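The structure appears right after this line, and notes come after that.
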Protein chains: 2
Amino acid sequence: MTTVSIIGNGNMGTAIGGIVAAGGNTVEYVGRDAAEPVSGDIVVLAVPYPAVAEIIEARREQLAGKVVVDITNPLNFETFDSLVVPADGSAAAVIAAALPESRVLKAFNTNFAATLAAKTVGGAQPTTVLVAGDDELAKRALLDVVRAGGVNAVDAGALSRARELESVGFLQLTLAVQEKVGWNAGVALVA
Amino acid sequence: MTTVSIIGNGNMGTAIGGIVAAGGNTVEYVGRDAAEPVSGDIVVLAVPYPAVAEIIEARREQLAGKVVVDITNPLNFETFDSLVVPADGSAAAVIAAALPESRVLKAFNTNFAATLAAKTVGGAQPTTVLVAGDDELAKRALLDVVRAGGVNAVDAGALSRARELESVGFLQLTLAVQEKVGWNAGVALVA
């Protein structure tokens, strides 16, 4: 059994925790206060990108050796026209550089919370979680947790693919705010 | 009635031409030889990215004033690990810069040819064509042609969104070559 610690209790953290629990694994919700320890082997940073830096700074030693899951879409929310990370990089790459002792994965950023909770995209297609990362065992552990919870999960490749995953998340958000896709729908992956 | 000229007669050009004709519009297939004129108001460059530069060079004057549709996924096909265009740009941006008198759109690059021909993604979801561009009338003309042909089409925003569309195409190709999605399936957009 895997213990997954989730920092952040918004829609995304709650939905991801639901999947973890549905698979018979243990979920631990942790507040943003760094005095509260994390016990999971997998730690999901279920907070907006601007909140990540402070959590990393405060918890760097706690997170050493752990699998750290970045779910963010690092949009410039003022312009809604670009990302705030380097064009040739990603939020995940920034986080991995800041946490050299952790095994960083990118996941869940292409899924709206409602599609994780319902396990379908718009009621029409099964939800698929795309996972990227350089540590194969870390990636397999997360893929297993998601699949155990009844949600499709696909290995999207190396952590460098986070750049593309963040582009998908960005595009999907722009379509949702323009009401071209619903917040319970969006991008589905058909095998 | 709109005339659409398609340069390139591979799977993509054939599938796009099928949609044009299905909508009661006129399709004209044009070889790569620049001596053959293009008469369409919309010209689809249905060739791989490396072939685009020569076509542009040879047909720059012919393409002036026309709507030019870039469908390419500019992958580095040796490494399959990056794009060959600037990280903060896109093939569409490169093409638009090379064709300042044309109205350049990005479209069809997130659709595998078989999903355009079948009008479904893996038989499961209707195919959706994402279209980006800065000229609203040009974009509307292409959206109308695609919808008339019985395929969903969504305005994905300004031409700068081509960067994200090319990331989607890149990611989808990496998943297909690894057999994680079929060439008749892939990314579907659920409204």
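The values are calculated or read from the model by the stated rules, or taken from the named source; none is laboratory data. Please read all numbers here as calculations on a predicted model, not as lab measurements. Cβ sites come from the backbone with ideal geometry, for glycine too, and all protein chains shown count toward neighbours. With ligands, DNA and RNA removed, areas are computed over all heavy atoms of the protein, side chains included. Shrake-Rupley method; radii C 1.70, N 1.55, O 1.52, S 1.80 Å.
Data for the structure
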quantity: Answer residue from the range A:154-189, given it is closer than 18 Å to A:Gly123 by Cα and open to solvent by 10 Å² or more (accessible area, probe 1.4 Å) and is farthest from the other protein chains (Cβ to nearest Cβ) among those; calculated: A:Trp183
quantity: Hits in the range A:172-191 (condition: farther than 16 Å from A:Leu130 by Cα, in contact with a strand residue (DSSP E or B) (Cβ under 7 Å, 6 or more places away or on another chain) and not aliphatic (A, V, I, L, M)); calculated: A:Thr174, A:Lys180
quantity: Residue within the range B:94-105 that is open to solvent by less than 40 Å² (accessible area, probe 1.4 Å) and within 14 Å of chain A (Cβ to nearest Cβ) present; calculated: no
quantity: Out of A:Ala64, A:Ala124, sole residue that is of a type in the set (A, V, I, L, M, F, W, C), touching a residue at least 12 places away in the same chain (Cβ under 8 Å), open to solvent by 10 Å² or more (accessible area, probe 1.4 Å) and more than 14 Å from every other protein chain (Cβ to nearest Cβ); calculated: A:Ala64
quantity: Top-ranked residue in the range B:19-49 [being open to solvent by 40 Å² or more (accessible area, probe 1.4 Å) and of a type in the set (Gly, Ala, Ser); ranked as modelled with the lowest pLDDT]; calculated: B:Ala35
quantity: Count of the range B:127-153 residues which are open to solvent by 30 Å² or more (accessible area, probe 1.4 Å), in contact with a helix residue (DSSP H, G or I) (Cβ under 7 Å, 6 or more places away or on another chain) and under 25 Å from B:Ile95 (Cβ atoms); calculated: 1
quantity: Residue list for the range A:1-55, restricted to those being over 24 Å from A:Gly150 (Cβ atoms) and among the charged types (D, E, K, R); calculated: A:Arg32, A:Asp33, A:Glu36, A:Glu54
quantity: B:Asp81 being touching a residue at least 12 places away in the same chain (Cβ under 8 Å), surrounded by fewer than 22 Cβ atoms within 10 Å (Cβ to Cβ), charged (D, E, K, R) and out of contact with any Phe, Trp or Tyr (no Cβ under 7 Å at 6 or more places or on another chain); calculated: no
quantity: Odd one out for A:Asp88, checked against (1) without any contact (Cβ under 8 Å) to a residue 60 or more places away in the chain; (2) out of contact with any Pro (no Cβ under 6 Å at 6 or more places or on another chain); calculated: (1)
quantity: Any hit, the range A:108-124, residues being more than 22 Å from A:Asn11 (Cβ to Cβ), modelled with pLDDT of 95 or more and in contact with a Leu (Cβ under 9 Å, 6 or more places away or on another chain); calculated: no
